[in-house]
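Working notes, beginning with the structure itself.
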Amino acid sequence: MTVAFEEKAVLEFKGRMMMMTVLLLKDLEPNTLHRQVSQRLEEASQWLRDAPVVVDLADPENVDQVALMATVDTLRGLGVNLVALARNDHLDADTATMLGLGSISLAGGRDIPRSPETAPVAEESTSEATGTLVVDQPVRSGQQIYSRGDLIVLAPVSTGAELLAEGHIHVYNTLRGRALAGVRGDQSARIFCQKLDAELVSIAGHYRVAEDLPDQHRKQAVHITLDGDAMRFADLK
Amino acid sequence: MTKIVVVTSGKGGVGKTTTSAALATGLAQRGHKTTVIDFDVGLRNLDLIMGCERRVVYDLVNVISGDANLKQGLIKDKRVEDLFILPASQTRDKDALTLEGVEKVLNGLKDMGMEYIICDSPAGIEKGALTAAYFADEAIVVTNPEVSSVRDSDRILGILSSKTRKAELGEGDIPASLLLTRYSPERVERGEMLSVEDVKDILAIDLLGVIPESQAVLNASNSGAPVILDSDSDAGQAYDDSVARFLGEQRPHRFLTTSKKGLFGRLFGAQ
């Protein structure tokens, strides 16, 4: 054994096998979930209660973001030690990050194409088909709306609500919550809103918080674009 | 036909129980057979506000778990005909409040010919609040004119739009209306409180009523008589207006502006 002496290492990577429990959810109905999970936890040994848990969804294709958030809240509320979301064709690392979770691919095990329907080709055509999402109900605090294309909202967006779109975001009402356009990195994405009172606006990862919004555009109709690294605000007249 | 109404808010201490008691009493005063249920298992208060705390034998959880039948659990109000109270349990575990159990109780009340069932929701957005709201046909959201209360109400409205039985059955959102409580026009004028218009603008729902900040509410709680029975008080009258509006009557909103000072007030008034 040779020992090379330079700086004392302050870290060490360890390849360690760890036991993780995968929690496969077949339905996200909160009351049923709450009841069944708490029942299972009661029956389980302390070891299981402390175990790190990866959430996997039986039907990730039809999952709604809000329900997923509520599910994570429910599980955390019950003391489940959530660490990650199982990543697949329909749930990506961004979704996991949004939920405050890490993401892990369970592929390599049973996971690659679970059924012929989820083959990549079919998946691409569905994402093409889901274009613009139109919302005509108020988006309330705690709700989150994700569009694979553009997102059009015809009602107020409350403080604490979050709009995410891979394309443009239009709000034909007051925007008090957060609006994140071009979340997949589309720098040409834009945000339009009738009355800007947002907590945060973001285009392709560049963002401004409420404090940094230009004063002359507050509570005005605006059009926000990204110009290189700078966000540009213009009157929408 | 029975109508189930949930009184909810998200935030605690904004006047849900006071409102539930006043609404139920007001409906019963008008001859509608009404039960008010306290869903706040572990922190029961409704019986105090209704002044029946010394007559509680059984509670909601007892009825659900079958220790008592519905008739034994219901307390008949002594002042108003057609008014019944189903108190919450102070001691039992709130996990006993299952949806199946609650549905059974509600169906029992329907069979008894109740016209209105008022569900006094616990604060928060946890299971208790969701259970209270699940079977509702209509919601009354109680809000104080301050930012955190408004935001919590907004959160609850979002939850109501997806977590009621009607929403799950695809029958759409249940109608929700706003009851603004502890409103002080003086403080609104001084810019210390949100105005009715501000709150309506943020929440974007119909306004059922505005209850002024009033000593009468505190007196009512202390004496165990719903404030609506104090018909001389501003808060009592405002609740009475709200009940009338709830039943479809058109009444102008009162107590929204500072009371005009008389001549002497203007001449000698402080401030």
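Bear in mind these aren't lab numbers, they're just calculated from the coordinates by the rules spelled out. Note that the structure is a prediction, hence the values are computed from the model and not measured. All Cβ positions, glycine included, derive from the backbone under ideal geometry; neighbour counts span all protein chains shown.
Full extension of the segment from B:LEU169 to B:GLU126, taken as 0.36 nm per residue of separation minus the current Cα-Cα distance, would add 13.4 nm. Scaling against 2.2 N^0.38 Å puts the C-alpha radius of gyration of the stretch B:58-186 at 1.15. Measure out, as a whole number of angstrom, how far apart the alpha-carbon centroids of the stretch B:41-71 and the stretch B:102-153 sit. Using only Cα atoms, the two centres lie 17 Å from each other. Could you state the angle between the C-alpha long axis of helix B:99-111 and the longest principal axis of the C-alpha atoms of chain B, as a value from 0 to 90 degrees rounded to the nearest 10? Taking Cα atoms only, the helix is inclined about 80 degrees. Look at the stretch B:158-164: the mean tally of other chain Cβ atoms within 10 Å of its residues' Cβ atoms is 5. Set the Förster distance to 51 Å, then compute FRET efficiency between B:ARG254 and A:LYS237 from the Cβ-Cβ distance, nearest 0.05. So the FRET efficiency works out to roughly 0.80. Give me the lysines in straight-line cross-link reach of B:LYS33: C-alpha distance below 27 Å, same-chain residues under 8 apart excluded. Reachable lysines: B:LYS3, B:LYS16, B:LYS71, B:LYS76, B:LYS78, B:LYS104, B:LYS110, B:LYS166.
Short-range pairs are left out: with C-alpha atoms under 8 Å and at least six residues apart, the relative contact order of the stretch B:148-266 is 22 percent. In degrees from 0 to 90, rounded to the nearest 10, what is the angle of the helix B:147-163 Cα long axis to the longest principal axis of chain B? The angle comes out near 30 degrees. Residue by residue along B:117-126, Cβ atoms of other protein chains within 10 Å of the local Cβ number 1 on average. What does the charge count around B:ASP173 come to, taking other residues whose C-beta lies under 13 Å from its C-beta (Lys +1, Arg +1, Asp -1, Glu -1)? Computed value for this residue: -2. Proximity of backbone amide H atoms, modeled 1.01 Å from N, is registered between A:LEU133 and A:GLY149, A:ASP150, A:LEU151, A:ILE152 at under 5 Å, excluding neighbours fewer than 5 places apart on the same chain. Derived from the Cα gyration tensor, the three semi-axes of the equivalent ellipsoid of the stretch A:150-190 are 18, 10, 6 Å, largest first. Would you mind getting the Kirkwood hydrodynamic radius of the stretch A:132-237 from its Cα pairs, rounded to one decimal in Å? Kirkwood hydrodynamic radius for the stretch A:132-237: 12.9 Å. Sorting B:SER242, B:SER233 by the number of Cβ atoms found within 10 Å of their own Cβ, with the fewest placed first, yields B:SER233, B:SER242. May I ask you to derive the FRET efficiency for B:ASP198 and B:LEU43 from their Cβ-Cβ distance with R0 = 35 Å, giving the value to the nearest 0.05? That gives a FRET efficiency of 0.70.
Take each residue in A:138-147, count the other chain C-beta atoms within 10 Å of its C-beta, and the mean is 5.
Principal semi-axes of the equivalent ellipsoid, √(5λ) from the alpha carbon gyration tensor of chain B, are 32, 21, 16 Å from largest down. Seen from all directions on average, the stretch B:138-200 presents a Cα convex hull projection of 4.1 nm².
Over every Cα atom in the stretch B:1-101, the radius of gyration and the widest Cα-Cα span, Dmax, amount to 13.0, 36 Å. For chain B, the relative contact order is 23 percent, taking Cα pairs closer than 8 Å that sit 6 or more residues apart in sequence and dividing their mean separation by the residue count. Annotation for A:ALA93 and A:ASP73: the two label points, set 7 Å from Cα along the Cα-Cβ direction, are 2.8 nm apart. Largest GNM mean-square fluctuation across B:LEU46, B:LEU203, B:LEU180, computed for chain B with C-alpha springs under 10 Å, falls on B:LEU203. Taking amide H as placed 1.01 Å from N in the peptide plane, A:SER105 has its amide H under 5 Å from the amide H of A:ARG87, each at least 5 places away in sequence or on another chain. Sorted ascending by nearby beta carbons within 10 Å, beginning with the fewest, B:PHE84, B:PHE135 become B:PHE135, B:PHE84. Comparing mean-square fluctuations of B:THR19, B:THR35, B:THR257 from a GNM of chain B with C-alpha springs under 10 Å, the top value falls on B:THR257. Shape descriptor for the protein assembly as shown: Rg over Rh equals 1.04 (Cα atoms; Rh from the Kirkwood inverse mean 1/r). Sorting B:GLU192, B:GLU126, A:GLU162 from the fewest to the most surrounding beta carbons within 10 angstrom yields B:GLU192, B:GLU126, A:GLU162.
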